[in-house]
Amino acid sequence: MELSVKAVKKMAAEAARNEVLYRTLTDAGDRFVALREGGFRELADPEGLRARGRAVKERCLANMPGLLRLLEKRVTDRGGIVHWAKDASTARGIILDLVSRYGIKTVVKGKSMMTEEIALNQALVEKGIEVWETDLGEFIVQLAGEIPSHIIAPAIHMNKEEVARLFCDKLGVPYTENPEELTMVARRVLREKFLGADMGITGGNMVVAETGTLALFENEGNIRMSTSLPKVHVALIGIEKVVETWDDFSVLMTLLSRSAAGQKMPTYLSLITGPRMSDEQDGPEAFHLVLLDNGRSDILGDQVLRDSLFCLRCGACLNVCPVYKRIGGHSYGWVYSGPIGILLDSELLPPGSARDLAFACTLCGGCAEVCPVLIDHPKMILDFRRRLAEDPMWKGRQVLSRVLPMKLYSRLSVRPVFFRIAGFLARGLQAIMAPSGEWRWLPGPFAEWGARRKIPRFKRPFSRRWTALKASFEKTQRPGR
Ligand code: SF4
């Protein structure tokens, strides 16, 4: 898939004007931030745990080929079947083959960004399969014909009034804004689907190589039903989700649960090691694990960008991101959004197609401060920008907006006289064009930029203020004072 830069910019511009969206995302984000802070406050050594989490990811990624082979053996020993998919189309093909082989008519799905990454729903629907998202947020965005706008809260961009209207229109139920009643409507609809489905498709939060166990975290119980009621369970996961031992799992589970929603552990934790055994009461007759690469091996070979494979998909970096809160998840144009979305979209989409995303960042560093596995997003985003600056094609198209202004600034900044004149002119210009801090008018592409920004008043040049400060400091240091 290629991103249309024009379409993404248009979506971002429209979203940035949407004050309801901004309020909705800010309120929800603040709630997640408070939960996360509460969860980490309970820990004796949160920083030590984050460092351990990072060390676990570093070791497991360094040993990934061996761990994946061990995982395959363990899953196969327990009667499961492992499939290897080098890219999205291979993964879709594998799952569509399974659908035909088992004669599947209806699929229930647990929340999975990985299935969004390979656009699985669309492929299944084109084959005439009935597909139902069973996570409440995913169910809502599916009814709305949208993709998730947040890694752990897919419908975070919608308020209860919007959900009420959607249920009314699509499900023909009486209008209610009561969240509990809306949840009960979804529950009634989905219960029937669980009972009639022949295949459950999920992602997975981790796979533990030493026992070949797939771990799924959730708070609603829908994944448990999707994995145990249908006769076939298919799990699709990225190869970077493999960990070596249960100790590794325990460290990452603590970090992920606390980071995502301040929980000690998820409300429901499903640990699946193969299909139903002969002495077991329930569970699927067949279990398939699809391991997806889709560019991850290449990322692993990049010394700077490989850290993005540490991501646990907790969503914490989105909740603190000022850009995400302003433009929402859909404006990023693909399945991943926020700071980690900039990295993953740029790495996983065809080269160059998501390059403008590298500029959807203020480099404030809030994301790196909250990341449970210490991913340094700003450093990596800066590296993207550096690589872009070296690309002659991109450079050619950015001459007016980026290259020339930066060249001008670099020349001015090393010539004090010209720098002072430029400062004098800027102060004069500000007095005319933004006397109260709000821009009266800006030309062309700057109009959009200035529409929602106040600028602080330019004060006396720093060089003059510095000289005055230094003089007054020296005065206070003289002997006898
Ligand atoms: S990058 Fe870090 S903070 Fe963001 S979703 Fe991944 S693990 Fe969470």
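Find the relative contact order for the range 106-180 and round it to a whole percent, using C-alpha pairs within less than 8 Å whose residues are 6+ positions apart. Each step should come with its number before you reach the end.
Details: 71 pairs, mean separation 16.6, N = 75.
That works out to 22 percent.
Taking 0.36 nm per intervening residue step and subtracting the Cα-Cα distance, what contour gain separates Ala389 from Thr362 on full extension? Before the final figure, lay out each step's value.
Numbers: separation 27, 0.36 × 27 = 9.72 nm, distance 1.75 nm.
Computed gain between Ala389 and Thr362 is 8.0 nm.
Can you tell me, using C-alpha contacts under 8 Å and at least 6 residues apart, the relative contact order of the range 201-328 as a whole percent?
Details: 190 pairs, mean separation 37.7, N = 128.
Dividing the mean separation by the residue count of the range 201-328 yields 29 percent.
Across the range 188-202, in residue order, what do the Karplus-derived ³J(HN,Hα) couplings come to in whole Hz, using 6.51 cos²θ - 1.76 cosθ + 1.60 with θ = phi - 60° and x for Gly and Pro?
With coefficients 6.51, -1.76 and 1.60, one gets 4, 4, 6, 4, 4, 5, 4, 5, x, 7, 9, 9, x, 10, 9 Hz.
For Glu244, what is the net charge nearby, where nearby means another residue's Cβ is under 10 Å from its Cβ and Lys, Arg count +1, Asp, Glu -1? Please report the intermediate quantities before stating the final value.
Working: positive: Arg59; negative: Glu210, Asp247, Asp248.
Result for the neighbourhood of Glu244: -2.
Please work out the Cα convex hull volume for the chain and give it in Å³ per residue.
Working: hull volume 97.1 nm³, N = 481.
It is 202 Å³ per residue.
Using the per-residue mean of other Cβ atoms lying within 10 Å as a proxy for protection, in what order, highest first, do the peptides 248-257, 66-75 fall?
Numbers: 248-257: 22.1, 66-75: 18.5.
Peptide ranking by packing, descending: 248-257, 66-75.
Excluding Ala316 itself, what net charge comes from residues whose Cβ is under 11 Å from its Cβ, given Lys and Arg +1 and Asp and Glu -1? Before the final figure, lay out the partial values.
Numbers: positive: Arg36, Arg258, Arg313; negative: Glu37, Glu369.
Residues close to Ala316 contribute a combined charge of +1.
Against the 2.2 N^0.38 Å scaling, with N counting residues, where does the range 310-435 land? I'd like the Cα-based Rg ratio to two decimal places.
Values: Rg = 17.9 Å, N = 126, 2.2 N^0.38 = 13.8 Å.
My calculation over the Cα atoms of the range 310-435 gives 1.29.
What is the distance in Å between the Cα centroid of the range 394-457 and that of the range 127-165?
Rounded to whole Å, the Cα centres lie 42 Å apart.
Ranking request for peptides 53-60, 425-432: highest mean number of other beta-carbon atoms within 10 Å first, then the rest in descending order.
Details: 53-60: 19.2, 425-432: 11.6.
Going from most to least packed, we get 53-60, 425-432.
How far is it, in nm, from the label point at Arg191 to the one at Leu400 when both lie 7 Å from their Cα along the line to the Cβ?
6.1
For the chain, with the dipole built from +1 on Lys and Arg beta-carbon atoms and -1 on Asp and Glu ones, taken about the Cα centre, which of Val108, Ala153, Leu343 lies farthest toward the positive end?
Leu343
Please give the direction-averaged projected area of the C-alpha convex hull for the range 82-210, in square nanometres with one decimal. Don't jump to the answer; show the numbers that get you there.
Working: hull surface 35.9 nm².
The number I arrive at for the range 82-210 is 9.0 nm².
If you keep only loop residues by DSSP, which chymotrypsin sites (Phe, Trp or Tyr not before Pro) in the range 164-199 have at most 13 other Cβ atoms within 10 Å of their Cβ? Working shown, then result.
Numbers: sites: Phe167, Tyr175, Phe194; in loops: Tyr175.
Listed in order of number, the matching sites are Tyr175.
Can you compute the charge dipole magnitude of the chain about its Cα centre, using +1 on each Lys and Arg Cβ and -1 on each Asp and Glu Cβ, nothing else charged? Give it in debye, rounded to the nearest 20.
Numbers: 68 positive and 56 negative charges, 726 e Å.
It works out to roughly 3480 debye.
Search the structure for amide H atoms under 5 Å from the amide H of Asn205, placed 1.01 Å from N in the peptide plane, and list their residues when 5 or more places away or on another chain.
The answer is Ala215, Leu216, Phe217.
If each of Cys168 and Glu130 carries a label point 7 Å out from its Cα toward its Cβ, how far apart are those two points in nm?
It works out to 2.7 nm between the two label points.
Which whole-percent values make up P(r) of the range 417-477 when all C-alpha to C-alpha distances are grouped in 10 Å steps starting at zero?
20, 36, 26, 13, 5, 0
Which lysines, if any, have their Cα less than 24 Å from the Cα of Lys6, not counting same-chain residues under 8 positions apart?
Lys325, Lys395
For the chain, what does the relative contact order come out to in percent, with C-alpha contacts under 8 Å and a separation of six or more? Numbers along the way, then the final one.
On the way: 738 pairs, mean separation 94.5, N = 481.
The value is 20 percent.
For the range 233-329, what is the Kirkwood hydrodynamic radius in Å, using each pair of distinct C-alpha atoms?
Working: mean 1/r = 0.0611 Å⁻¹.
Here the Kirkwood hydrodynamic radius works out to 16.4 Å.
Just how far, in whole angstrom, is the range 68-83 from the range 350-370 if you go by their alpha carbon centroids?
The range 350-370 and the range 68-83 have Cα centres separated by 37 Å.
Please compute the net charge surrounding Phe194, taking Lys and Arg as +1 and Asp and Glu as -1 over other residues with Cβ under 13 Å from its Cβ.
Details: positive: Lys109, Arg187, Arg188, Arg191, Lys193, Arg224, Lys231; negative: Glu130, Glu133, Asp135, Glu192, Asp198, Glu220, Asp282.
Result for the neighbourhood of Phe194: 0.
By how many degrees, between 0 and 90 and to the nearest 10, does the Cα long axis of helix 377-389 differ from the longest principal axis of the chain?
Long axis of 377-389 versus the principal axis of the chain: about 70 degrees.
Per residue of the range 214-228, in order, report the coupling 6.51 cos²θ - 1.76 cosθ + 1.60 (Karplus, θ = phi - 60°) as ³J(HN,Hα) in whole Hz, putting x for Gly and Pro.
8, 10, 10, 9, 6, 10, 10, x, 6, 5, 4, 6, 5, 8, 10
Given the peptides 176-188, 372-384, arrange them by the average over their residues of other C-beta atoms within 10 Å, most packed first. Display every interim value, and only then the final one.
Working: 176-188: 13.8, 372-384: 19.7.
Answer by packing, highest mean first, reads 372-384, 176-188.
On full extension of the chain, what length is gained from Ser463 through Asp77, given 0.36 nm per residue of separation minus the C-alpha to C-alpha distance? It would help to have the intermediate numbers written out before the result.
Details: separation 386, 0.36 × 386 = 138.96 nm, distance 7.21 nm.
Difference between extended and current length: 131.8 nm.
Pairing the Cα long axis of helix 416-433 with the longest principal axis of the chain, what angle in degrees results, from 0 to 90 and rounded to the nearest 10?
70
On full extension of the chain, what length is gained from Val414 through Asp97, given 0.36 nm per residue of separation minus the C-alpha to C-alpha distance? Please list the in-between numbers first.
On the way: separation 317, 0.36 × 317 = 114.12 nm, distance 6.43 nm.
Taking 0.36 nm per residue and subtracting the Cα distance, the gain is 107.7 nm.
Just to confirm the number: angle between the C-alpha axis of helix 5-16 and the first principal axis of the chain, 0 to 90 degrees, nearest 10?
The helix 5-16 is inclined about 80 degrees to the chain.
Using a basic spin-label model with each label point 7 Å from the Cα along Cα→Cβ, how many nm lie between Leu374 and Trp449?
3.6
What do you get when you divide the Cα radius of gyration of the range 46-298 by 2.2 N^0.38 Å, with N the number of residues?
On the way: Rg = 18.3 Å, N = 253, 2.2 N^0.38 = 18.0 Å.
Here the answer is 1.01, to two decimals.
So which of Lys193/Lys241; Lys127/Lys193; Lys86/Lys379; Lys10/Lys109; Lys170/Lys193 end up more than 23 Å apart by C-alpha? Provide the component values of the computation, followed by the final result.
Numbers: Lys193/Lys241 29 Å; Lys127/Lys193 18 Å; Lys86/Lys379 28 Å; Lys10/Lys109 32 Å; Lys170/Lys193 16 Å.
In this structure, Lys193/Lys241; Lys86/Lys379; Lys10/Lys109 lie more than 23 Å apart at Cα.
Read-outs: derived from the displayed coordinates by stated rules, not from any lab. Remember, predicted model here, so these are calculated numbers, not experimental data. Positions of Cβ are backbone-derived with ideal geometry, glycine not excepted, and every protein chain shown enters the neighbour counts.
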